[in-house]
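Below is one structure, written out as structure tokens; comments come after it.
The values are calculated or read from the model by the stated rules, or taken from the named source; none is laboratory data. Values in this document were obtained by computation on a predicted structure and should not be read as measured data. FYI the Cβ positions are ideal-geometry reconstructions off the backbone, even for glycines, and counts take in every protein chain you see.
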Amino acid sequence: ELKVEQNPLFLSMQEGKNYTIYCNYSTTSDRLYWYRQDPGKSLESLFVLLSNGAVKQEGRLMASLDTKARLSTLHITAAVHDLSATYFCAAPPRGSNYKLTFGKGTLLTVNP
Amino acid sequence: DGGITQSPKYLFRKEGQNVTLSCEQNLNHDAMYWYRQDPGQGLRLIYYSQIVNDFQKGDIAEGYSVSREKKESFPLTVTSAQKNPTAFYLCASSIGGNSYNEQFFGPGTRLTVL
């Protein structure tokens, strides 16, 4: 059974600082998704990582995937308040194109 | 505009009642999904459908039922057999098939049992 673990679960950081959220998964998977959720809202797709070594960047966020280490990272550069949200990673078990297992999420708070 | 709609936004249920949550998409997606989210938790898959007239149980299907009679619609019924139904319910859809199958989410329905 695929398990997805994120850490940290809570992250409070100052504006302008850098930090990384880690997403580990327990069994082989060939894709990794990152989502953002604002309080009381739905999930917004951020990144789809499709292969080992994949790196994607959008603004102050950069995501990477290492399938051999079963690890994805979401790096935040020079954080701003608007990035405050909960970030989820999710992966499908190998061979499944439909079932996603989500991590518990990382609640990011960026303070002025 | 293409998208996913869910209704109602808020739903209150008395003990022992069945309730049905609506999910509609006009993205022409083949696959649709229902997730449950509890406070401080990730999403857990209830049911999914790869194509019309077909659906499979997810990780927490007990106490729930679905139908997929139309491509655009995937309603979820929360039955009285679901012991703790208070949660935030999210519907999603994706292209399906052999694509990378990115899932897109609706705005959600918050269900509270009184």
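Would segment B:80-89 turn up any residue that is within 19 Å of A:SER96 (Cα to Cα), among the small types (Gly, Ala, Ser) and surrounded by 15 or more Cβ atoms within 10 Å (Cβ to Cβ)? Scanning segment B:80-89 turns up no residue that is within 19 Å of A:SER96 (Cα to Cα), among the small types (Gly, Ala, Ser) and surrounded by 15 or more Cβ atoms within 10 Å (Cβ to Cβ). Per the listing A:GLU58, A:GLU44, the residue uniquely within 14 Å of chain B (Cβ to nearest Cβ), at pLDDT 95 or above and loosely packed, with under 14 Cβ neighbours inside 10 Å is A:GLU44. Within segment B:1-58, how many residues are basic (Lys, Arg) and exposed (fewer than 13 other Cβ atoms within 10 Å of the Cβ)? Counting residues in segment B:1-58 that are basic (Lys, Arg) and exposed (fewer than 13 other Cβ atoms within 10 Å of the Cβ) gives 2.
Entry remark, segment B:63-114: residues being of a type in the set (Phe, Trp, Tyr), within 10 Å of chain A (Cβ to nearest Cβ) and either over 30 Å from A:SER51 (Cβ atoms) or not in a strand (DSSP E or B) (or both) number 2 in total. Picking from residues in segment A:69-112 that are free of Cβ contacts under 8 Å to residues at least 60 places away in the same chain and over 17 Å from the mean Cα position of the chain (by Cα), the one that is farthest from the other protein chains (Cβ to nearest Cβ) is A:GLY95. Quick one: is B:LEU21 farther than 26 Å from A:GLY95 by Cβ, modelled with pLDDT under 95 and in contact with a Phe, Trp or Tyr (Cβ under 9 Å, 6 or more places away or on another chain)? Spelling it out, it is not the case that B:LEU21 is farther than 26 Å from A:GLY95 by Cβ, modelled with pLDDT under 95 and in contact with a Phe, Trp or Tyr (Cβ under 9 Å, 6 or more places away or on another chain).
Within segment B:42-70, residues that are at positive phi reach partners that are of a type in the set (D, E, K, R) with beta carbons closer than 9 Å, at six or more positions or on different chains, in the pairs B:ASN53/B:ARG68; B:ASN53/B:GLU69; B:GLY63/B:LYS83. The single residue among A:ALA79, A:ALA90 that is part of a loop (DSSP other than H, G, I, E, B) and either of a type in the set (A, V, I, L, M) or at negative phi (or both) turns out to be A:ALA79.
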